[in-house]
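Quick note: the coordinates plus some simple rules give every number you see, no bench work behind them. Keep in mind the model is a prediction, meaning the values are calculated, not measured. Using ideal geometry, Cβ is built from the backbone for each residue, glycine included, and neighbour counts are taken over all protein chains shown.
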Amino acid sequence: MNRVLVLNGPNLRRLGTREPDVYGAATFDDLATLCRDTGQRLGLDVEVRQTDDEAELIRWVHEAADERLPVVLNPAAFTHYSYALRDALAQRTAPLIEVHISNPAAREEFRHTSVVAGVATGTIAGFGLKSYVLALHALADEAS
Ligand code: DQA
């Protein structure tokens with residue numbers, strides 16, 4: 001089965017309690033289960049991780065590049081300013097889908113810039129947790 005990493009940046013472990021009006025009531029565990037179940041239906045072996053630590057996220061991106069693993073990434077706030085994360089992602093050796101639960105383009109001005117979008121295969125934003133489901137479908141399509 002094709003392995004896929006679903007990587008999540010800072011504050012996403014707090015889904016369910018964090019600004020539920022923006023991010024919804026589902027928890028991070030709900031998200032992880034949704035991604036794994038979707039992967040199973042699509043023939044993908046999905047591993048879901050979250051970190052608040054930029055260095056750890058960059059190490060996971062290097063691991064994906066070295067092992068040629070496709071990635072679904074919600075970089076959270078790193079989206080808007082982490083050139084270090086962008087430089088790591090530029091080394092990718094497999095498809096990369098940037099995802100967001102909310103639609104950053106419809107929110108505060110600082111969220112309108114993504115420094116990682118330019119090195120992603122594509123971006124899916126604004127569909128709640130379904131953004132991840134759509135991204136996994138896109139990866140399954142790319143692989144077939
Ligand atoms: C987010 C949007 C970002 O602007 C924000 O910093 C997040 C979550 C989203 O999934 O909608 O932490 O990436």
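Summary of values
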| item | result |
| --- | --- |
| Point-to-point label distance, ASP37-ARG59, nm (Cα→Cβ direction, 7 Å offset) | 3.2 nm |
| Loop-located trypsin sites (Lys or Arg not before Pro) in the range 39-143, at most 10 other Cβ atoms within 10 Å (DSSP) | ARG68 |
| Computed lengthening from ARG13 to THR113, 0.36 nm per intervening residue step minus Cα-Cα distance | 33.7 nm |
| Normalised convex hull volume, the chain, alpha-carbon set, Å³ per residue | 91 Å³ |
| Hypothetical label at ALA77: residues of the range 12-52 whose amide nitrogen lies under 12 Å (7 Å Cα-Cβ projection) | 12, 52 |
